[in-house]
Amino acid sequence: MPGLAPYPCLLPTTVVGSHAWPGWYCQAQEAITQGLYGPKDIEELRRDAVTVAVEDQQRAGIDVITNGEMGRLDFNLGFYGAFTGLRALPLERRLGAPAHDQRPRYEIVGELHAPHGLGVVEEFLFLKSIARARIKATIPGPFTLAGRLTGGDRLEIAERLVPIVRRELERLVEAGCNHIQLDEPSFACYPEGVEDYVRLFNATVAGIRATISTHLCFGNYKARAVAARRYRPLFPKILEIAADELILEFAGREMAEINLWKEFGAEKRLAAGVVDVKSSYIESPEEIVRRARLLLEFVPAERLALCPDCGFSQTARHIAVTKLRSLVEGARLVRAELS
């Protein structure tokens, strides 16, 4: 990887990936499933939704933004249509309280290919054309993508996905992207395979000339976790991952485990979650300041960024936007203290 690109400022603010859907976008998705939109209508709709997400982030003052992942329908489910060799399976459960067994799954019935790519390059180019703030591209990694696929061992399936994801990373760099967030939240959900995860991740990004971030979390479908919310089982092995920055959730866990960073002498950047996306409670700027001060006891300011715990796709938009404003104001106050 090239030299690590500097942060745009001290204690920069960023987002994890997805943005909250406007109400009209939710209604439009229903219309699409009913066949009421043509391809051009869908393209226009998604570009409008990305524009809204970008403006929400920029008006709040976020330093490093994304496209809000607005065209994906879900963090990773929107990608499976790009693959050959898959067959959709019926949902395991449709009724009752929401949980991960209500998310679609696919059976592997042939060779896995993505002949037209995964669409992330096209997302990046549109974001680049409209953004005023610094940008990054986000893409789920092979192990996370393998999580909704059946027809073999998950790690073996992930290894088959490595060249597909890697080619998308290469195309991103060719398109001018210098900051890629390769997300593997499933690592933290199944920590017993951490040695395999490090090998898999490093093989995926080897030689990719960009700053690499990765997000590790515990699931956020309908604002619900899918695993025990503990990072310790990943440490210290996870620090061997070839990522310049780890993006971890802390706010929803009352800032637990921040001591891991100092305990194991981590030298990577940390983008720390100081906003709880799974709660409607809106943190005040003063609360962001308190959380940032605690982080600074364990992480040097020059290696620390502030962000939400996870994406905002499961959060009401008015709540998400207000949380972003608090995040930005809290970061501003702490910067003033440091200077």
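Only the coordinates and a few stated rules stand behind these numbers; no lab work does. As the structure is a prediction and not an experimental result, all values here were calculated from the model. Heads up, the Cβs are rebuilt from the backbone with ideal geometry, glycines too, and the neighbour counts pull from every protein chain shown.
Working note: Karplus 6.51/-1.76/1.60 with θ = phi - 60° gives region 253-267 the couplings 10, 6, 6, 5, 6, 4, 4, 4, 4, 7, 4, 9, x, 5, 10 Hz, where Gly and Pro are set to x. The simple spin-label model puts a point 7 Å past each Cα toward its Cβ; for residue 264 and residue 301 those points are separated by 2.7 nm. In this structure, residue 150 and residue 282 have a Cβ-Cβ separation that, at R0 = 30 Å, corresponds to a calculated FRET efficiency of about 0.15. Each peptide in 103-113, 182-192 receives the mean, over its residues, of other Cβ atoms within 10 Å, and ordering these scores from highest gives 182-192, 103-113.
Shape descriptor for region 140-192: Rg over Rh equals 1.03 (Cα atoms; Rh from the Kirkwood inverse mean 1/r).
Using a simple spin-label model with pseudo-atoms 7 Å out from Cα toward Cβ, residue 255 and residue 122 lie 4.4 nm apart. Please express the Cα-Cα pair-distance distribution P(r) of region 22-144 as a list of whole percents, one per 5 Å bin, running from 0 to the bin with the greatest distance. Result, from short to long distances: 2, 9, 16, 19, 20, 17, 11, 5, 1, 0 percent.
Listed by chain and number, the lysines whose alpha-carbon sits under 20 Å from that of residue 278, ignoring those within fewer than 8 places in the same chain, are 222, 323.
Could you give the alpha-carbon Rg of the chain over 2.2 N^0.38 Å, rounded to two decimals?
Working: Rg = 19.0 Å, N = 339, 2.2 N^0.38 = 20.1 Å.
Dividing the Cα Rg of the chain by 2.2 N^0.38 Å gives 0.95.
At 222 nm, what helix-only mean residue ellipticity would the chain give, in deg cm²/dmol to the nearest 500, using -39500 (n - 2.57) for each DSSP H run of four or more? Mind dumping the intermediate values first?
Values: 10 runs with 125 residues, N = 339.
That comes out to -11500 deg cm²/dmol.
Region 306-339 and region 149-170 have Cα centres spaced 34 Å apart.
Cross-link reach is defined here as a Cα-Cα straight distance under 17 Å, omitting same-chain residues fewer than 8 places apart; for residue 136 the lysines meeting it are 128.
Give me the orientation-averaged projected area of the Cα convex hull of region 229-339, in nm², one decimal. The partial results should precede the final answer.
Numbers: hull surface 27.3 nm².
Approximately 6.8 nm², given one-decimal rounding.
Taking label positions 7 Å along the Cα-Cβ direction at both residue 24 and residue 48, the computed distance is 0.5 nm, reported to one decimal. Rank 34, 58, 181 by mean-square fluctuation in a GNM of the chain with C-alpha springs under 10 angstrom and give only the top-ranked residue. Maximum among the listed residues: 34. Taking a straight line from the alpha carbon of residue 262, these lysines sit under 22 Å away, with near neighbours fewer than eight places off in the same chain left out: 237. Over region 236-287, the ratio between the Cα radius of gyration and 2.2 N^0.38 Å evaluates to 1.29.
Check every DSSP H run in the chain and write down those whose alpha carbon atoms cover 20 angstrom or more along the long axis and whose mean Kyte-Doolittle hydropathy is -0.5 or greater. Mind showing how you got there, number by number?
Values: long enough: 39-60 (32 Å, -0.97); 154-174 (30 Å, -0.14); 317-338 (32 Å, 0.17).
Span-like helices, by this rule, are 154-174, 317-338.
Expressed in Å, the radius of gyration and Dmax of the Cα atoms of region 184-244 are 12.1, 36.
Please compute one quarter of the surface area of the Cα convex hull for region 6-78 and express it in square nanometres.
Working: hull surface 22.7 nm².
The Cα convex hull of region 6-78, projected and averaged over all directions, gives 5.7 nm².
Apply the Debye scattering formula to region 279-339, with a single equal point scatterer on each alpha-carbon and no solvent, then give log10 I(q)/I(0) at q = 0.12, 0.20, 0.29 Å⁻¹. Ignoring solvent entirely, the Cα scatterers give -0.30, -0.76, -1.27.
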